[in-house]
1. Once the Cβ-Cβ distance between residue 668 and residue 783 is put in as r, and R0 is 25 Å, what FRET efficiency do you end up with, to the nearest 0.05?
2. How much length, in nm to one decimal, is gained on full extension between residue 623 and residue 684, taken as 0.36 nm per residue of separation minus their Cα-Cα distance?
3. Just grab the label-to-label distance for residue 105 and residue 201, each label 7 Å out from Cα along the Cβ direction, in nm (one decimal).
4. Using a basic spin-label model with each label point 7 Å from the Cα along Cα→Cβ, how many nm lie between residue 801 and residue 512?
5. Roughly how many Å is it from the Cα centre of the range 296-353 to that of the range 237-288, as a whole number?
6. How would the range 309-362 be classified by its alpha-carbon gyration tensor: rounded, prolate or oblate, with rounded meaning a/c under 1.5 and the a/b versus b/c comparison settling the rest?
7. Given a Förster radius of 35 Å and the C-beta distance between residue 410 and residue 371 as r, what FRET efficiency does 1/(1 + (r/R0)^6) yield to the nearest 0.05?
8. Cross-chain or 8 or more residues apart, Cα under 21 Å: how many lysine pairs in the range 28-167 fit that? Count them up, please.
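Throughout, read-outs are computed from the coordinates displayed, never taken from laboratory work. Keep in mind that what you see is a predicted model, and the values were worked out from it rather than measured. Here Cβ is always computed from backbone atoms with ideal geometry, including for glycine, and neighbour counts include all displayed protein chains.
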Amino acid sequence: NRFVDPHVLKLFAVMSVDLGSEWMKIAIVKPGVPMEIALNKESRRKTPVAVCLKENERLFGDSALGVAVKNPKVVYRFLQSILGKTADNPQVAQYQKHFPEHQLQRDEKRGTVFFKFSEDSQYTPEELLGMILNYSRGLAQDFAEQPIKDAVITVPAYFNQAERRAVLQAAHIAGLKVLQLINDNTAVALNYGVFRRKDINSTAQNIMFYDMGSGSTTATIVMYQTVKTKESGTQPQLQIRGVGFDRTLGGFEMELRLRDHLAKLFNEQKKSKKDVRENLRAMAKLLKEAQRLKTVLSANAEHMAQIEGLMDDIDFKAKVTRSEFEALCEDLFDRVPGPVKEALAAAEMNMDEIDQVILVGGSTRVPKVQDVLLKAVGKEELSKNINADEAAAMGAVYQAAALSKAFKVKPFLVRDAAVFPIQVEFSRETEEEDGVKTVKHNKRILFQRMAPYPQRKVITFNRYMDDFVFYINYGDLSFLSEQDLKVFGSQNLTTVKLSGVGSSFKKHSEAESKGIKAHFNMDESGVLILDRVESVFETIVEEKEEESTLTKLGNTISSLFGGGSSDPTANVTEPVTGETDAEKAEKPEEKSDGEKAEEKEEDKKPKPQKKSKISEDITVELEVNDVLDPSTEDMEVLQDLTDRDLEKQEREKTLNSLEAFIFETQDKLYQDEYQAVVTEEEKEQITGKLSEASNWMDEEGYTAGTKELKEKLSELKKLCKAMFFRVEERKKWPDRLAALNTRAASITSIHPFFFHSFFPFFNTWKNETVAEQDKLSPTEKPVLLSKDIEAKLSLLDREVNYLLNKAKFAKPKPKDKAKDKNTTTTENSKANSTEEAEKVIPPKTEEVKPAEEPPTVEKKDEEPILELNPAENTDTGNPQSTNQFNIKIILT
């Protein structure tokens, strides 16, 4: 708990999901449990990103993978690669090649793809991912034992705007409130920095994280340094300096090469006349074995691949060496240095400036990957001082705690960077000297490549006086290869249509225009948002010059003789937002109108002026040009499936409870403790009902609805309630009565009087109730109830604590001194002393009769004694108790 403050504002948890292409890791933070990986139902720390859709149920994670081997058509995996992609994207074709069992079809409305599950059912990648995220939320809630809604989700740094929006839509479908989409490399860097906070100082440290996962590879250069802030003083900060990536270089592509190699070996053995590559089920088995084989070959030079009943009950067995595996993936290993070079180019750095290279991701465990990378970076060694699998999840959950209002964490500043530049484009009609009008196309950079975010920008259009249109597009993407550009998709983001510009100029014709300002925000998730567009004007109001005290006095005297002055009222509004470099670049040079007003002698001294800003909101219409968001109707599909799953789970839970109750109760009826408390008639009735219910379960119960099952269970519980009650009471009696006797014995250590005067009340009740219970048959309703014994124990404890507290805090009464200072005789002194003593200790022989002799007044060193008087039931709050006493401490 070094990082998350245990003093929480509200008692609820937050979660993170490290959403990889093949696996996801879930972490939580809750009061008392800082930064912990949530285990799934199989008690594993990572869960496959997979969903299985059957006709009446859904399976997730490992359960879905289990079905994939038997029926791959109903299991959907590796959805990350087709999120936010149009149907003509090369990655969609690549996905179809990898998973030919699925029917991918074009969505004519959005231009994207969907999975055709049946004639009546179809699902988009966002919907399937939403199901998986909803499942991850359930795992987190089960682990945290409380509801969770807030989450931080990791995404690849190379995700563009359409891909990021797709993940947000999937999270919305899952009912998650996304605090932030954090780049996975940034989450890793945050986790690394949080645990090394003391090592970060004012000297910049540059570290490269090389992350090769299942589906892609990313190299990230991060600069760590302490900076001063106004809010919290000097704090550590990480800044993303450069990012390089390869979208398709990862462990999954290696596994596919191994799978195809195993298929070739099986065909060469000629144990079957069929081509194993045409059997989807057999290929799914080979892929599973290839995944295992890749892991084993990372630690062994060779290994035996084997699958029982691969196809047509034919077993497969073949030896594969590491050298064969490396030869299969030679072209993939050649691509390992690519992301490193791209990251250095983006950061405008060289390897000499990088302090260390840290490995992240499961696929970096492949020995050949490490060999090629080590040679490419030119370092003595590659660092492995971070959890390659869980660093992103732990960094993301730290960020979730920081963004949540429920937790207070130690600040760690994060400055992420936009991998792809974004610009604003607009056209304006200009008139040449010869009177010919031409259209000029302008571009203004909004966010440059590797620009930090979150950040707000304002673009000002100064030459428009009527409604116009501008465009938000990606900037220069020449650093991407031709293939990457095709995968990237549309380079046009949004068309922005403005209306109301002309009417704003007419409305404020007398004011000076300060342009049309468009306010942009790239938020914490790296998503660009156009907040608002406003038409800004400025008016000048003359203000009265500040007067000295003597002048004010003179004006006052003057006003007494008929003088006066006017005080114009200033119309003051909020100041104009400061312009960024992007705005200034768009601003035209100021032009002189060539006219100067004649200055009068009295106007030579300028009068004080006050500027007032006026802003008029402009109506904005956005037209998405990359990938359309799914409609609301499409996003309601998951809720129906979720409700169906919950209903199914509730029914299965009730069915299991009913089955268990029938079998367990039938067994209990043969146990001695149950046979002792039931009559033959009652036993026969219960046995008959249980047998009847068991037969009903075999015939109709497995198709019955949840309501009917609950009613049947409730009926049986009601029938057996009296029997269970009698057994439970007889089990509790010995412990409860022993506790009562033990408490009685402890009372005698307080004072013998207390035992004789107070305890008999309880002892009489116990003896009479136990005697009455002994007269009853075990089959009758008991009169000795465990709850009554507990109530008596509670009352006894309360009374004893009350008396002990009175004794603890009571103070002795001081003796009154003789007030007559003139009396000097010894006799008078003794008489006064005796008289005062008699006032202090009145005789109490009727209430208290101790066995020993009562102490005399003259013995000054005696211990204080307890004096007990019947209480008036004011302190205990129980007016019906007659066995309470007030305690007085009397010094003798």
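1. 0.55
2. Going from the current span to full extension adds 14.4 nm.
3. Modelled inter-label distance: 6.6 nm.
4. Inter-label distance under the simple model: 7.7 nm.
5. Their Cα centres are 10 Å away from one another.
6. prolate
7. Here the calculated transfer efficiency is 0.35.
8. 17
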